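Derivation of every value follows stated rules applied to the coordinates shown; laboratory data play no part. Treat the numbers as computed from the prediction; the structure is a model and nothing was measured. We place every Cβ from the backbone using ideal geometry, glycine too, and count neighbours over all the protein chains shown.
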Amino acid sequence: MEQTNTDVLIIGFGKGGKTLAGYLGKRGIETVLVEQSEKMYGGTCINIGCIPTKALVVQAERHTPYASAVAAKDALTGFLRGKNYDALAGLASVRVVTGKASFLDANRVQVSRPDAPDVLIQARRICINTGTVPVIPGIPGLERSSRLYSSTTLMDEKVLPPTLVIIGGGFISLEYASMYAQYGARVTMLESAPAFLPREDQDVAAEVEKVLAQKGIELLTGAAVTRIEPGGETDRVVFERAGRQASVGAHAILAATGRQAYTEGLNLAAAGVLTDAKGFIPVNERLQTNQPHIWAVGDINGGPQFTYISLDDYRIIRDQWHGTGERQRTDRQNVPFCVFISPPFAHVGLREKEAVAAGLPVRIAKIPPGVVPRTRILGETQGMLKAIIHRETDQILGFTLFCAEAQEMINTVRMAMNAGMTFTQLKDQIYTHPSMTEAFNYFD
């Protein structure tokens with residue numbers, strides 16, 4: 001067995017970990033980054049998450065044939081995977097070890113490699129960056145189905161399934177439903193909750209549902225899947241709804257019921273690192289675990305599961321080790337999100353119902369995207385733009401953008417909110433024309 005000592009050990013090639021490794025490597029700090037699979041260099045986002053799914057979304061919007069879109073996606077992820085590996089492997093003080101990491105104690109980790117001797121790594125500081133994996137629900141018959149897919153495996157299929165049944169009605173479900181419907185699949189979404197997008201304002205959820213329906217997507221709420229009946233040409237997905245049993249045929253079944261912490265084989269107990277009831281690693285505001293020399297970054301620490309949050313985790317650790325030590329998770333304000341359906345659906349701040357529940361005096365301003373010339377150029381006039389405003393101070397409390405290029409516009413809103421700009425100041429700015437940001441000029 002090979003043995004090595006290092007200043008920093010990072011377990012996992014995700015956004016926070018790889019960015020930290022690059023930062024340390026450029027400063028000559030001895031760093032080892034362990035990744036269990038060469039197919040995951042660069043992390044979840046570029047290989048099986050954000051980048052490939054958004055690439056498929058763009059190709060669907062361009063009406064690219066499905067097989068060609070998958071090939072283009074594979075080429076893109078392969079390019080980025082190599083680029084990410086080379087960026088670290090090219091640094092003299094960074095070593096990338098490919099294999100499965102397992103703690104021996106709080107400072108030593110053994111890495112099992114498939115085609116080489118194991119490596120025993122002793123480190124002064126350790127960052128756990130192992131992320132999450134899709135949850136596969138325990139539905140009878142699902143384990144026997146050859147048509148079961150997760151969000152990871154479905155987009156590797158080279159042939160478009162004629163029918164796709166999605167179990168779940170969350171954001172991952174939405175992206176896949178919208179995308180596969182645009183490629184020509186007949187999509188059915190089975191949501192067990194009684195309401196669609198229950199966290200969102202009712203008018204927003206209704207608008208999203210309307211756009212999905214226009215794409216031919218069948219959305220059934222209150223539909224509890226009870227079993228899967230594997231068949232010849234298709235499987236039957238059996239569910240109960242409103243006290244009645246029904247079923248739908250599926251060439252492919254996507255289980256999109258959430259993601260769970262990935263610590264399999266990591267042997268955290270040997271390091272004395274605690275986990276919570278869901279398997280995530282609790283951390284303090286500076287991302288330290290209960291072992292002060294071990295940090296947890298990215299999805300594994302139970303925070304918001306966004307690549308940009310993992311990047312901010314890196315900034316918190318960088319500040320501890322090489323800055324003032326003041327940066328922490330509570331510094332984050334108005335973290336936005338975006339769901340890449342067509343058109344994109346983004347939000348930041350409070351929803352209307354949250355502001356009302358908090359007892360704030362609220363004014364609502366809404367416009368349809370079609371009033372903005374840019375939407376006519378793009379041919380994307382669907383959706384809604386909705387501002388939640390403090391009636392007395394004109395403060396921007398929240399903003400929902402369900403429109404073309406919402407993924408870009410929401411960042412403008414966030415900066416305005418964090419800068420303390422009022423709604424009037426945001427809407428009266430000078431924006432280029434024709435652009436989507438000039439949509440703010442159309443609000444009253």
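For region 308-391, which trypsin sites (Lys or Arg not before Pro) pass both filters: DSSP loop (anything but H, G, I, E, B) and at most 14 other C-beta atoms within 10 Å? Here the sparse-neighbourhood loop sites are Arg332, Arg391. With θ taken as phi - 60° and the Karplus curve 6.51 cos²θ - 1.76 cosθ + 1.60 applied, the whole-hertz 3J(HN,Hα) list for region 257-271 is 10, x, 10, 10, 4, 10, 10, 4, x, 6, 6, 4, 4, 5, 8 Hz, x standing for glycine and proline. Of Val339, Val371, the sequence from fewest to most neighbouring Cβ atoms within 10 angstrom is Val371, Val339. Under the convention that each Lys and Arg Cβ holds +1 and each Asp and Glu Cβ holds -1, the size of the dipole of region 142-255 around its Cα centre is about 340 debye. Remark: the Asp276-Ser435 segment gains 52.7 nm on full extension, using 0.36 nm per residue and subtracting the alpha carbon distance. Around the amide H of Val187, modelled in the peptide plane, lie the amide H atoms of Leu164, Glu218, all under 5 Å away and 5 or more residues distant in sequence or on another chain.
When the charge dipole of the chain is built from unit charges on Cβ atoms (+1 for Lys and Arg, -1 for Asp and Glu) and taken about the Cα centre, the candidate among Gly99, Tyr66, Ala242 whose Cα reaches farthest toward its positive end is Gly99. Taken about its Cα centre, the chain carries a charge dipole of roughly 240 debye when the Cβ of each Lys and Arg holds +1 and the Cβ of each Asp and Glu holds -1.
Think of region 337-442 as a dipole: +1 on every Lys or Arg Cβ, -1 on every Asp or Glu Cβ, centred on the Cα centre; then among Pro361, Asn411, Phe440, Pro361 lies furthest on the positive end.
Output the relative contact order of the chain, whole-number percent, from Cα pairs under 8 angstrom with separation of 6+ residues. Provide the component values of the computation, followed by the final result.
Values: 941 pairs, mean separation 60.4, N = 444.
Computed over the chain, the figure is 14 percent.
Once the Cα-Cα distance is subtracted from the 0.36 nm per residue extended length, the Asn5 to Lys39 segment shows a gain of 9.6 nm. The separation of region 287-308 from region 248-279, counted between C-alpha centres, amounts to 15 Å. Taking the centroid of alpha carbons for each part, region 208-244 and region 372-422 are 33 Å apart. The label point for Arg124 and the one for Glu392, both projected 7 Å from the Cα toward the Cβ, are 5.4 nm apart. Ordering 238-245, 249-256, 20-27 by mean Cβ neighbour count within 10 Å, with the highest value first, yields 249-256, 20-27, 238-245.
Taking one quarter of the surface of the C-alpha convex hull of region 46-205 gives a mean projected area of 14.1 nm².
Residue-wise HN-Hα couplings along region 6-15, as the Karplus relation 6.51 cos²θ - 1.76 cosθ + 1.60 with θ = phi - 60° gives them from phi, are 8, 6, 10, 10, 10, 9, x, 9, x, 4 Hz; Gly and Pro carry x.
What separates the Cα centres of region 51-70 and region 86-123 is a distance of 36 Å. Which entry in [x] 22.3, 70; [y] 27.7, 87; [z] 23.4, 70 is this structure's computed Rg and Dmax of the Cα atoms in Å? Working out Rg and Dmax of the Cα atoms in Å from the coordinates points to [z]. If the segment from Ala92 to Ala269 were pulled out straight at 0.36 nm per residue, it would be longer than the present Cα-Cα gap by 60.5 nm. Using a 7 Å offset from the Cα along the Cα-to-Cβ direction at both Ala224 and Asn290, what is the distance between the two label points in nm, to one decimal? Rounded to a tenth, the inter-label distance reads 3.5 nm. Computed from phi, the 3J(HN,Hα) profile of region 204-212 under the Karplus parametrisation 6.51, -1.76, 1.60 (θ = phi - 60°) reads 5, 4, 5, 5, 5, 4, 5, 5, 4 Hz, with x in place of Gly and Pro. Around the Cα centre of region 302-437, unit charges on the Cβ atoms of Lys, Arg, Asp and Glu (plus for the first two, minus for the last two) sum to a dipole of about 240 debye.
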